[in-house]
Amino acid sequence: MTEPATRALANTKTMYRADITRRLVALLDRDEAVIGGIGNTNFDLWAAGPRRQNFYMLGSMGLACPIALGVAIAQPHRHVVALEGDGSLLMQLGALATIAARAPRNLTIVVMDNRAYQITGAQPTATAFAADLVEAARGLGIARSHWAADEADFERLVRVARSDGGPSLIGVRLDNQPPAGQTERDPAQIRDRFMRGIGTRPPHPA
Amino acid sequence: MEQETPAASPPWHEVVRAALTRNEFRLVTYVPDNVLRPLIDSLAADPFFTVFATTREEEAVGITAGAWMGGLRGVVLMQTSGFATLPNVLASLAVPFQIPIVMFVSERGTLGEFNLGQALVARTMRPVLDALAIEHHTCTRLDELDFIVDRTLRQAVATQASATLILSPLLTGGKVFKP
């Protein structure tokens, strides 16, 4: 009954979110926009170092992918990455169908799957049982959906996604280590810095 | 039952389309509704606009927020029951981040409603908007519509504040029970 999930995960290494996030950020050398979903996914993006092209959600669980789609439509020449946790994505799976329908060439989704609502006490999500989010994404129309086998494979998938001309989803299977930091919660500043970082507004004077 | 259109005046949905064009709101996301159908059809037929459906209203708010931060203005179309799903995203994204989300809500639940579920949902809408200090207007008259829509769009951009325009059955004719 759970064979598809077992098969998809059979060759995937269990990785460390903070390390994967740092590897992702290190690959972003073209001012790519990154939308961090809530919780520990968000915290590790913050901990990976300051980037003016990062947007950090503070609530609105599940909306990293829709926000990223909006940025991708507004700025078709900039690549946009959505970072989302398994619990968050499960809350808003329909967003993947909308992304598949719009088929933006400049959008990559990274799913940080630790199979738990880690920040609220590690209660298991549906991916701890039978759900496979990469298979779900394929079923909803995102054909370029893959599990990262290990860290090197993750980096390869990011490079391919950035140049492949279609929406992509990369699943990363994670261990249960805590986040490496905690995001500063100043929403107006987060939004303003992001808008200046992606050129919607001019850079701040001094 | 749609309001009489004087010979010189376009119908309500064309007034809205003209105001969106004038204020450069190009992105339109929606969860459909029968009353909104002529507006959706009119916008979808105009290449100035990018128009598409989302699976939930909060998804549309997220897309519109991202687009606005990226430099593209947008509006979200929904019916009353769709608005009832939005308090969390408005309170945690639109309002604290000062991202202007302009919502057009076709009003069900009043002036001839036949579905009690819609009638009760409708009563939660204005209290939620008031609690979040989101400006809202109820559009009932065709002769006021351009002024209300145009000024609301301008104010949303200038003040980075969300707003809701409630399209009353008095304006649109609403949805009536057909036995």
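Per the listing A:ARG102, A:ARG52, the residue uniquely within 14 Å of chain B (Cβ to nearest Cβ), among the basic types (Lys, Arg) and in contact with a Lys or Arg (Cβ under 8 Å, 6 or more places away or on another chain) is A:ARG52.
Looking only at residues in the stretch A:167-187 that are touching a strand residue (DSSP E or B) at 6+ places or on another chain (Cβ under 6 Å) and among the small types (Gly, Ala, Ser), the one that is nearest to the other protein chains (Cβ to nearest Cβ) is A:SER168.
Filtered by the rule that a residue be at positive phi and modelled with pLDDT of 95 or more, the stretch A:9-48 gives a lone residue, A:ASP31.
The helices (runs of 4 or more DSSP H) located wholly in the stretch B:1-120 that include 2 or more residues which are surrounded by fewer than 16 Cβ atoms within 10 Å (Cβ to Cβ) occupy B:12-22, B:37-44. Applying a threshold of 7 Å to beta carbon distances and a minimum spacing of six or more residues, or different chains, the list of pairs starting in the stretch B:58-75 at a residue that is within 7 Å of chain A (Cβ to nearest Cβ) and ending at one that is in a strand (DSSP E or B) and of a type in the set (Asp, Glu) is empty.
Of all residues in the stretch A:22-32, those satisfying the criterion of being farther than 14 Å from A:THR108 by Cα and assigned to a helix (DSSP H, G or I) are A:ARG22, A:ARG23, A:ALA26.
Looking at the stretch B:1-18, can you tell me whether even one residue there is without any contact (Cβ under 8 Å) to a residue 60 or more places away in the chain and within 14 Å of chain A (Cβ to nearest Cβ)? No, every residue in the stretch B:1-18 fails to be without any contact (Cβ under 8 Å) to a residue 60 or more places away in the chain and within 14 Å of chain A (Cβ to nearest Cβ).
The values are calculated or read from the model by the stated rules, or taken from the named source; none is laboratory data. All values derive from a computational prediction rather than experimental measurement. Glycine also receives a Cβ, built like all others from the backbone with ideal geometry; neighbour counts cover every protein chain displayed.
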